[in-house]
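Notes follow once the structure below has been shown.
Bear in mind that the values in this text are calculations on the coordinates, not laboratory data. Predicted, not measured: the structure shown is a model, and the values here were computed from it. With ideal geometry, Cβ positions are generated from the backbone for all residues, glycine too; neighbour counts draw on all protein chains shown.
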Amino acid sequence: MSKIVDREAVRQAIEKLPLFSSNALELLQVIADPDHELEDVVKIVKFDSALTMRVLKAVNSPVYGLIKEVSSIDRALSYLGERMVVSIAVQENTGQLLSKPLEGYQGEQGDLWRHDLFSAIASREVARYAKGDFDLDLAFTGGLLHDIGKSIFATFWKESSQEALGQIEQGAVSDYLMAEQDLAGLDHTEVGYEMARHWKLPESLQAVILHHHHPAEAIECMQPLVYAVHIGDIVSMMAGCNTGSDGLKYHLDPGYEEFFDLSPTTLAEIVLNAEEEFSKAEESLRS
Ligand SMILES: [Fe+2]
Ligand SMILES: [Fe+2]
């Protein structure tokens, strides 16, 4: 039977989440600023010994096949790109949230992390086809965090998830997000938004998390970014990298055409590039 979720219980679960470290938060703030330079990111990493160690471990992963060991952060960063540092910092600061099984979505352990990482890479690929200026690494970061709300929502949602699939099948609701709203009284985007506010993440990331299924609802200046993640998310599901039972049960908003030049050929290219980068990134980030 459907069960309206107790908002207060969700609020309490979010309140208990540990905060991001000040370095990780600074890193996300720097990335969110379109005028930042690689040097700003290097400085943050150098200041944080745990992050330094993990970045060096990632760049020296056998998957990249580098002949000489990389021991400088500057070189590691120019090889890996800022996005890998973001991935490591997010992985460290969200702890088990991204790797635990998603009961309410019949998602297995690690599914959310893989979906988010794939979506991040795909969102960045989509951003390369933007009609205007675009910060590629911000699209990546948005993709990486877009479904974070599922980590908390899944526990509250498990009793209704079967019913949700039934509702979609019967056409009673038009997509999975509506089923969440209808049966639980709230959805994973709202929960994610509250988490982002708790963590004091930059506003652009809050907008991505809240609006990634309905990008037209984001304020105008955020729309290109939110649309990039909207498409990246769908590409990820099309590539079979989803979080369980909700895979591809969302709508594609054609409004992306205003911001991106995407043809079926470029989409196919995006999927191929994303698959290639994803398998390397996933392997090198395995701790
Ligand atoms: Fe989502
Ligand atoms: Fe997603």
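The table below lists the values:
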read-out: Burial order of peptide ranges 248-255, 32-39 (average beta-carbon count within 10 Å, highest first); value: 248-255, 32-39
read-out: Spin-label pair Lys68/Gln96, simplified geometry with 7 Å Cα→Cβ offset, distance in nm; value: 4.3 nm
read-out: Candidates Val63, Val45, Val126: whichever shows maximal mean-square fluctuation once the chain is modelled as a Gaussian network with Cα springs under 10 Å; value: Val63
read-out: Spin-label model distance (nm) - Thr155 vs Asp261, 7 Å beyond Cα toward Cβ; value: 4.8 nm
read-out: Over the chain, relative contact order from alpha-carbon pairs under 8 Å, at least 6 apart, %; value: 25 percent
read-out: Most fluctuating residue given options Ser161, Ser71, Ser123, as computed from a GNM of the chain linking Cα atoms under 10 Å; value: Ser71
read-out: ³J(HN,Hα), Karplus 6.51/-1.76/1.60, whole Hz, each residue of segment 13-30, x for Gly, Pro; value: 4, 5, 4, 6, 5, x, 6, 5, 5, 5, 5, 5, 5, 5, 4, 5, 5, 5
read-out: Extent along principal axes [Cα atoms of segment 186-287; Å; largest to smallest]; value: 39, 33, 26
read-out: Paramagnetic label zone (point 7 Å from Cα along Cα-to-C-beta, Ala50; backbone N under 19 Å) in segment 71-92; value: 84-92
read-out: For Phe260, distant residues with modelled amide H under 5 Å away; value: Lys131
read-out: Cross-link pairs Lys100/Lys249; Lys68/Lys200; Lys16/Lys249; Lys3/Lys249 - those with Cα-Cα distance over 28 Å; value: Lys68/Lys200; Lys16/Lys249
read-out: Point-to-point label distance, Ile4-Leu252, nm (Cα→Cβ direction, 7 Å offset); value: 3.7 nm
read-out: Per-residue ³J(HN,Hα) for segment 191-200, Karplus 6.51 cos²θ - 1.76 cosθ + 1.60, θ = phi - 60°, Hz, x for Gly and Pro; value: 5, x, 4, 5, 5, 4, 6, 4, 7, 6
read-out: Helix-only CD estimate at 222 nm, as mean residue ellipticity for the chain, using -39500 (n - 2.57) per DSSP H run (n ≥ 4); value: -18500 deg cm²/dmol
read-out: Between 0 and 90°, nearest 10: helix 111-127 axis offset from the chain longest Cα axis; value: 70 degrees
read-out: For the chain, built as a Gaussian network whose Cα springs stay under 10 Å, the top-fluctuating residue of Gly81, Gly110, Gly142; value: Gly81
read-out: Per-residue ³J(HN,Hα) for segment 231-236, Karplus 6.51 cos²θ - 1.76 cosθ + 1.60, θ = phi - 60°, Hz, x for Gly and Pro; value: 6, x, 4, 5, 4, 4
